[in-house]
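See below for the structure under consideration.
The values are calculated or read from the model by the stated rules, or taken from the named source; none is laboratory data. This one's a predicted model, so the numbers in the text were calculated from it and none came from an experiment. With ideal geometry, Cβ positions are generated from the backbone for all residues, glycine too; neighbour counts draw on all protein chains shown.
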Amino acid sequence: MHSVSKSKEHGRMYHEWRKESIMAKYRKLGRTSAQRKALLRNQVTALLNNGKIVTTEAKAKEVVKIAEGLIALAVKEKDNFEMAKVQAKVPVKDKDGKRVKEVVDGKKVTKFETIEKEIKKDLPSRLHARRQMLKVLMPVVEGTIKDIIGKWNAQDLVANREEATNDILEKLVVQMRDKYINVTGFQIININYSDVFERAIESKVTAEQEALKAKNKTVQIQEEAKQKVISAEAEAKSMSIRANALTQNRALVQYEAVQKWDGKMPQYMMGNSVPFINIKQK
């Protein structure tokens with residue numbers, strides 16, 4: 001019983017020591033786990049991009065351990081690829097290196113052509129190594145993507161995704177060339193917006209449709225009013241012409257009266273005249 005109790009005590013002490021060691025590891029550099037991870041990730045990225053960084057000795061030791069592991073992994077997997085031919089769309093450029101524009105649906109857009117390119121396709125182990133590195137390295141392309149995407153508003157970005165993709169690819173090729181990284185392709189797979197933004201877009205579209213409906217209604221009312229004015233003017237003109245004709249032609253007045261007579265003689269007459277009948281004495 002004594003030996004069993006002693007063994008349990010040793011086990012408890014070991015677990016406490018282990019827990020303290022782990023906590024001490026996360027307390028390194030005087031930061032929490034998340035802060036420490038973000039700090040080292042940023043500094044390792046800066047070291048690999050620039051070749052050197054200025055930091056404290058304690059941070060440098062941690063950075064070196066991580067960077068050496070990434071470099072060893074990269075060296076191990078550097079030749080694990082195969083060549084593959086793909087179809088790629090690239091912008092057409094003139095003799096001065098400027099992009100050629102064309103008009104599509106009333107808008108000026110960049111003209112593209114399809115070419116065949118040969119690229120390096122990662123084998124599974126190399127692809128896994130790349131993903132492991134991305135867990136540590138800060139995404140160096142993030143700034144480039146933000147710069148390009150920032151030129152478009154949300155609605156135009158969806159319509160001009162292909163042009164935005166090619167802009168990012170061109171800039172990344174130049175940016176990463178000095179870091180011994182050959183960028184062969186870039187693709188925007190999906191564009192997601194927050195629920196709040198999507199609701200705002202729906203509200204905007206609904207408001208625009210209502211405004212267009214109201215505008216069309218206004219135009220319809222104005223056209224109907226114009227038609228009524230034209231009809232009234234025509235009727236007034238007709239009445240004026242008729243009145244002038246009746247004034248100048250007494251016979252026409254009598255004709256109009258006869259046309260409206262119902263065939264009955266009036267019961268009361270004043271004087272000796274018979275209405276509507278003019279009998280000339282011979």
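Just checking, does segment 49-58 include any residue being of a type outside the set (Val, Ile, Thr) and either more than 27 Å from Asn182 (Cα to Cα) or in the same structural domain as Phe186 (by TED's automatic domain parsing) (or both)? Yes, that holds for at least one residue.
None of Glu113, Glu170 is over 29 Å from Lys65 (Cα atoms) and touching a strand residue (DSSP E or B) at 6+ places or on another chain (Cβ under 7 Å) except Glu113. Just to be sure, is Val219 part of a helix (DSSP H, G or I), surrounded by 10 or more Cβ atoms within 10 Å (Cβ to Cβ) and at pLDDT 80 or above? The answer is yes for Val219.
Close contacts from segment 221-242, counting a first residue that is of a type in the set (A, V, I, L, M) and a second that is surrounded by 10 or more Cβ atoms within 10 Å (Cβ to Cβ), with Cβ to Cβ under 6 Å and a gap of 6+ residues or different chains, come to none at all.
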